[in-house]
Amino acid sequence: MQEITFMWVGVLRILNLLVASILYSLGGRSGISKGVRRFGASAVIVGGVCLFSFLNGSFHWWYLSVYPLLVGAYSLGYGGQTFLEKFKRRSISALAITCAPLPIVITTGKWEAWVTQVIIGWVSMVILGIKSRIRAAEEELIICMLTSFMVLFYV
């Protein structure tokens, strides 16, 4: 493939992540089912991984195992009353979300990208969640992007 083609494929990956992030944020709004976050955002991310890996000839059945891991990670609560409670719950949630794609990382060997994802995902979720002045709906959109932005580039 030519470099311009790789760039446009990268744009499509980012658009896939944007759709997943919108679903993640919507699933946190009152009156909208949490299933939109848990199942919808997870399906969009894993669907994108499968689609892009299939298109470039690197699809592996293990990639499908990320779906239940992401559903579980997106089901974890991360709120709290005290600083310590928020810190602990957000740390666990960030690590669960960033560790969910490990089957992809193991099969592709993209360990450097994964370590980057874990660090950025954890820092952003903890800092934005504890000291942010951003509205919750926007914060959740950003958090999904920053905890998951590398996943679609692993394949």
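Assorted remarks:
- Restricting attention to the stretch 121-139, the residues being in contact with a helix residue (DSSP H, G or I) (Cβ under 6 Å, 6 or more places away or on another chain) and not aromatic (Phe, Trp, Tyr) number 10.
- Restricted to the stretch 38-59, and to residues there that are among the polar types (S, T, N, Q) and assigned to a helix (DSSP H, G or I), the residue that is surrounded by the most Cβ atoms within 10 Å (Cβ to Cβ) is Ser42.
- Of everything listed in (1) among the hydroxyl-bearing types (Ser, Thr, Tyr); (2) surrounded by fewer than 20 Cβ atoms within 10 Å (Cβ to Cβ); (3) in contact (Cβ under 8 Å) with a residue 40 or more places away in the chain; (4) closer than 18 Å to Phe153 by Cβ, the single unmet condition for Ser75 is (4).
- Single unsatisfied condition, Gly31 versus (1) surrounded by 14 or more Cβ atoms within 10 Å (Cβ to Cβ); (2) more than 13 Å from the chain's Cα centre (by Cα): (1)
Bear in mind these aren't lab numbers, they're just calculated from the coordinates by the rules spelled out. These numbers were taken from a predicted model, which means no experiment stands behind them. Ideal geometry is used to build each Cβ from the backbone, glycine not excepted, and the neighbour counts take in all protein chains shown.
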